[in-house]
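A.B. asks: Structure in C-alpha cells, see below.
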Amino acid sequence: MIFYVKNNRIVEGPLTVYPKVVTGPKGVQYPLRELAAKGYPVDNHGWVEYTAPVPNYNPNTHKLGDAAYSVVDGEVTGEYAVIPLTAAELAEIARRDAVQTTKGSQVLKNFLDAGPDGIETYITNNVTDLASAKQVLTILGKIVWVIADRQFDQ
C-alpha cells in the first residue's frame, strides 16, 4: 500500500499504485513525468510504502478485517483487525466440510459404483455388525443432508 504522509499525518491512501498526478510546489497538481522534467524528485515525493503484516489466525473461526493505519515519526504503521466469524459463516464452513467429507467417503463411492440396483447387494454383503451399520447409516444421513441443503437452500 502507498500513503502520502505530511506532518506525521496520512494525507492520502492507502492506494495500490502511485497516483499519476501529485501536488507539486505551490500546491499545483502536475503529472509525475512533468515534475521529473522540471527537476523535482518524484521517487520520494512524500509517498511512503507500507504493508501491514498479516497476523496469525485460524480461518475456521476468524477472518481479517480492514487494516488500520497511522503514522509514527514519519513512518506508516498498521495492523489488521482479527474478527470472529459470524454464526452464518461458521455454518457455511461446517456445510462445506460436510459436503467434502461426504464426497470423499469410500462408502459413497461404493454406492455410486454399485448403482441403484446394487445398493441392496452392497448392504447385504457389507453390513455385518453394528459398527458397519453405523458407518452406512452415517454416510446415508450425510448424503440426505447434502441433498436437502441444496434442495431447500437455507
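The values are calculated or read from the model by the stated rules, or taken from the named source; none is laboratory data. For clarity, every value in this text was computed on a predicted model and none was experimentally measured. Please note: Cβ atoms are built from the backbone with ideal geometry, for glycine as well, and neighbour counts cover all protein chains shown.
A.B. asks: Which residue is nearest to Val146 (Cα to Cα), if the candidates are limited to segment 78-115 and must be touching a Phe, Trp or Tyr at 6+ places or on another chain (Cβ under 7 Å) and assigned to a strand (DSSP E or B)?
C.D. replies: This residue is Val82.
A.B. asks: Another question about this same structure. Just the residues that are small (Gly, Ala, Ser), without any contact (Cβ under 8 Å) to a residue 40 or more places away in the chain and surrounded by 14 or more Cβ atoms within 10 Å (Cβ to Cβ), please, taken from segment 79-117.
C.D. replies: If the condition is that a residue be small (Gly, Ala, Ser), without any contact (Cβ under 8 Å) to a residue 40 or more places away in the chain and surrounded by 14 or more Cβ atoms within 10 Å (Cβ to Cβ), then Ser105, Ala114 are the ones that fit.
A.B. asks: I would also like to ask the following. Please work out if Thr102 is under 39 Å from the mean Cα position of the chain (by Cα) and not assigned by TED's automatic domain parsing to the domain that holds Asp66.
C.D. replies: yes
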